[in-house]
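The values are calculated or read from the model by the stated rules, or taken from the named source; none is laboratory data. Here the structure is a predicted model, which is why all the values come from computation and not from measurement. Neighbour counts are summed over all protein chains in view; Cβ atoms, including those assigned to glycine, are modelled from backbone coordinates with ideal geometry.
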Amino acid sequence: DILKACTIYVDVWMSHGENTSPLFYDIAKSLGAQVSVCTHSFEILLSTLVRLALNRKRRPQVVGAAWLKDCRDAATHLGEEPYLVDMED
């Protein structure tokens, strides 16, 4: 249960278009995280995303899928900083 304090939203796609979210969903669940999977996606303005994030008690981290795999491999909750996705672009 190394990620039991985490609620993870899973939306992982390969560059060639394959949806690999179910694989990462299973990894997150096996590490004790509460998990949601994307069922619909739509365009959203970054300013709207930031406003929604700022309305939360704690702003969510947006990390690459490697973070989840590395947490599993290390058997610990690794820091998110090296895995952060730049949301400015």
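Could you say whether any residue in the stretch 44-51 is in a loop (DSSP other than H, G, I, E, B) and either at pLDDT 60 or above or closer than 18 Å to Val10 by Cα (or both)?
The answer is yes; a qualifying residue exists.
Taking only the stretch 13-37 into account, find how many residues are in a loop (DSSP other than H, G, I, E, B) and surrounded by 18 or more Cβ atoms within 10 Å (Cβ to Cβ).
Residues in the stretch 13-37 being in a loop (DSSP other than H, G, I, E, B) and surrounded by 18 or more Cβ atoms within 10 Å (Cβ to Cβ): 2 in total.
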Unique residue being part of a loop (DSSP other than H, G, I, E, B), in contact with a helix residue (DSSP H, G or I) (Cβ under 8 Å, 6 or more places away or on another chain) and at pLDDT 90 or above when the list is Leu68, Leu78:
Leu78
Just the residues that are of a type outside the set (S, T, N, Q), in contact (Cβ under 8 Å) with a residue 12 or more places away in the chain and in contact with a strand residue (DSSP E or B) (Cβ under 7 Å, 6 or more places away or on another chain), please, taken from the stretch 7-21.
Ile8, Tyr9, Val10
